[in-house]
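Values quoted throughout were computed directly from the atomic coordinates according to the rules given, and no laboratory measurement underlies them. All of these numbers come straight from a predicted model, not from anything done at the bench. We place every Cβ from the backbone using ideal geometry, glycine too, and count neighbours over all the protein chains shown.
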Amino acid sequence: MNTLLEVRNVSKAYKQVQAVNKVTFSIGSGESVGLVGESGSGKSTIARLILALDQADDGEIVLLGHPLNELKEKQLRNLRKHVQVIFQDPHSSLNPKLPIWKSIIEPLENFPEVTPEFLKDIRHSSRLMMERLIDMVGLSKRVLDCYPHELSGGQKQRVAIARGFSLQPSLLICDEPTASLDVSVQAQILNLLKEMQQTLGVAYLFISHDLPSVHYISNRILVMKQGCLVDQFDVKDMFSVERHPYTRQLVSSAMSLEY
Ligand code: ADP
Ligand code: MG
């Protein structure tokens, strides 16, 4: 398996808070990796550092063999197309003034040079591709001409997922993608994400404070606590006695919630 992403000894502080403290892990291509930890443990900071929305104080992030901090603006932009993100709140991640079809092709418009030939004429041929994407996420193509306020939270998150896949990224970061949704919709979105990962073979960094969701989606799990990565393991080893005490605490509280 090729290494897609390497996070090496990365730290990030905000004023007094050590949000991320010497974190090291890697993600192979096509791998589904979960990142779990309580609120404030530094999960979203990791996501922002990988997305180059923020800069690490220390350490190195290497994406497809390129250290992010050594890249020039244009190289960084080119590399960014390989990593897409789905955030927690679909309401704020979709522009309320744009019809859904425009939101879906937004990432493509940033990268005209990588947009497949048949999509270059956005007005005509890309409609077909948008219809394919919207169908893949389980929505009717009528949705393409709607505006965000006409859709439910679950539908909006499906649109955000379609957009996340539009550039055929190598890595999709999902940061608490179900946390703002009704409980009844959460399982549907989780199922969709799992199905798409398996069908399309994209690598995931699936971030959540909810261990059962992470366990369901991931092949491998990383556990964060107060900025530190305290444990990482294959899902099959989650119940092993070798797990870090904090992991065992998360596991047992998740189980007692379930039963
Ligand atoms: P998580 O996603 O696990 O809930 P975050 O990465 O959002 O955690 O935050 C980790 C810590 O860093 C928290 O204590 C948070 O308050 C702090 N933090 C995150 N972003 C900022 C910021 N932009 N300014 C100041 N503090 C921040
Ligand atoms: Mg977060």
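Points to keep in mind about this one:
- Residue match in segment 235-242 (condition: part of a loop (DSSP other than H, G, I, E, B), without any contact (Cβ under 8 Å) to a residue 60 or more places away in the chain and touching a Ser or Thr at 6+ places or on another chain (Cβ under 9 Å)): yes
- Within segment 58-68, the set of residues being closer than 13 Å to L171 by Cβ and assigned to a loop (DSSP other than H, G, I, E, B) comprises L64 only.
- Scanning segment 69-96 for residues that are of a type in the set (K, R) and within 19 Å of P169 (Cβ to Cβ) yields K74, R77, R80, K81.
- Segment 18-52, subset free of Cβ contacts under 8 Å to residues at least 40 places away in the same chain and more than 13 Å from ligand 2 (Cβ to nearest atom), residue surrounded by the fewest Cβ atoms within 10 Å (Cβ to Cβ): S26
- The set of residues from segment 155-177 being farther than 14 Å from S92 by Cα and among the polar types (S, T, N, Q) comprises S166, Q168, S170.
- Residue match in segment 30-39 (condition: out of contact with any strand residue (DSSP E or B) (no Cβ under 6 Å at 6 or more places or on another chain), within 14 Å of M224 (Cβ to Cβ) and either within 14 Å of ligand 1 (Cβ to nearest atom) or not in a loop (DSSP other than H, G, I, E, B) (or both)): yes
- Unmet criterion (only one of (1) surrounded by fewer than 16 Cβ atoms within 10 Å (Cβ to Cβ); (2) outside any helix (DSSP H, G or I); (3) more than 16 Å from ligand 1 (Cβ to nearest atom)) for N78: (2)
- Across segment 130-163, the number of residues qualifying as surrounded by 18 or more Cβ atoms within 10 Å (Cβ to Cβ) and not β-branched (V, I, T) comes to 14.
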